[in-house]
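Each remark here refers to the structure printed beneath this line.
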Amino acid sequence: MRVSRVPGVLRSGFCAVVAVLLAIAPAGAQQRDTVAFPPARADALAGLWILEDGRLVHVTDLRDQMGEPALSATEFASGRARALFPRKEGWFDAGNAWFRWDSIEYRVRFDETLQPARALTWEEEGRVLAGRRAPLVEREVSIRSGDVLLAGTLVLPPGPGPYPALVMVPGSGPETRRIPRQVGDLLAYNGIAVLVTDKRGTGNSTGAWNGLSHADWAGDVEAQLDFLRAQPEIAPDRIGLWGNSEGGYVVPVVAARRPDVRFLVCRVCAALPQGEVIPDIETGARRRRGMAEAEVVAAVEMVERMIRYALTRAAYDRLAAHFESGAERPWRASFPVRQLPPADAHYWGSSPVCVRVSE
């Protein structure tokens, strides 16, 4: 069975996956000609590709991280990851390192006659290789979760079903289905159906991602599990969960209360409570930006006070006073919460919530 190939393929490409998901470069790093690179074109080129020498390459649109379409190519066997710089004549240049362009390692031209593109030409070290899009079946889906409608894609493997399947649960922030497709398409190619959705409040999903409690997030995951079980192509006794980063706080909860979850993958997930992890993330992010230590301390204190209030519902007046005291200070200018929610706001939830911080 093709499923047996998954562990080796994933291990060989794991460092590249980590690089794409974590080492996000500044938006301006993708140098360009004046050629227009609209979102629709990026959508038509992204996906899993098979080169004639057998290499599997995923072209990923990093639009959610960059703020504009930006393609990155990951070769799973070698772990090599390169940004693809669009050129006027239709080619894409790959530099000598990820989002570096000191020299050109290879060039790619996609045959854009069909949308999405189905073929490409890869030139490297004097060799010209043909490539084709992996024969995956994609189905656009809508899934109801309470008053929220989740938009997503069910990616089915080539060949007959029913297939084992998993729900991909993303990490923190406004993440759509684009980044999870990098791993999801590889899994589908190896025989595992994958359901990826735009996180609530992102892409084409309704609702709001900021202030999303883990309880509501778990409800979204359960709605996706129920959807998978009802699909004729899916084996209902072989369904699992893939949790990434902050999603690692959610998937074990769902797995513990759902006996139909038969396996669980938790990738780059925290081993400490979130109340300890979030202040550490905020400290490192602000120090990397060169913020004065007094401002770092004040910002982290605000995060800790918000977490304590979410957990205990005590000392809101001191929380509000600290927030107002920073009105003219640098830490407030970059703090993700622009206006402190009222003490009884749904933002704080009825159970521990995620206090959202980001760079």
Matching residues in segment 251-298 (part of a helix (DSSP H, G or I) and touching a Phe, Trp or Tyr at 6+ places or on another chain (Cβ under 8 Å)) number 6
Taking segment 192-230, which residues are over 13 Å from residue 167 (Cβ atoms) and among the aromatic types (Phe, Trp, Tyr)?
209
Unique residue being touching an Asp or Glu at 6+ places or on another chain (Cβ under 6 Å) and small (Gly, Ala, Ser) when the list is 172, 213
172
Of the residues 119, 134, 151, 165, which is surrounded by 15 or more Cβ atoms within 10 Å (Cβ to Cβ), free of Cβ contacts under 8 Å to residues at least 40 places away in the same chain and not polar (S, T, N, Q)?
119
Is it the case that segment 256-266 has a residue that's buried (at least 24 other Cβ atoms within 10 Å of the Cβ) and not assigned by TED's automatic domain parsing to the domain that holds residue 64?
no
Answer residue from segment 219-236, given it is among the charged types (D, E, K, R) and closer than 12 Å to residue 258 by Cβ and is nearest to the chain's Cα centre (by Cα) among those
222
Take segment 200-219 and flag every residue that is under 19 Å from residue 139 (Cβ atoms) and crowded, with 16+ Cβ neighbours inside 10 Å.
203, 205
Counting only residues that are in contact with a Lys or Arg (Cβ under 9 Å, 6 or more places away or on another chain), surrounded by fewer than 17 Cβ atoms within 10 Å (Cβ to Cβ) and of a type in the set (A, V, I, L, M, F, W, C), how many does segment 224-255 have?
0
Out of (1) under 19 Å from residue 173 (Cβ atoms); (2) charged (D, E, K, R); (3) at pLDDT below 90, the odd one out for residue 286 is which?
(3)
Write out, first by first residue and then by second, each pair whose Cβ atoms fall under 9 Å of each other, whose residues are 6+ apart or on separate chains, and whose first residue, in segment 25-53, is among the polar types (S, T, N, Q) while the second is at pLDDT below 95 and assigned to a helix (DSSP H, G or I).
30/66
Have a look at 146, 159, 79, 67 and point out the one that is more than 25 Å from the chain's Cα centre (by Cα) and at positive phi.
159
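Please determine whether any residue of segment 318-333 is farther than 19 Å from residue 171 by Cα, among the hydroxyl-bearing types (Ser, Thr, Tyr), touching a helix residue (DSSP H, G or I) at 6+ places or on another chain (Cβ under 9 Å) and surrounded by fewer than 17 Cβ atoms within 10 Å (Cβ to Cβ).
Checked segment 318-333: at least one residue is farther than 19 Å from residue 171 by Cα, among the hydroxyl-bearing types (Ser, Thr, Tyr), touching a helix residue (DSSP H, G or I) at 6+ places or on another chain (Cβ under 9 Å) and surrounded by fewer than 17 Cβ atoms within 10 Å (Cβ to Cβ).
The values are calculated or read from the model by the stated rules, or taken from the named source; none is laboratory data. Keep in mind that what you see is a predicted model, and the values were worked out from it rather than measured. Counting neighbours? That spans all protein chains shown, and the Cβs are built from the backbone with ideal geometry, glycine included.
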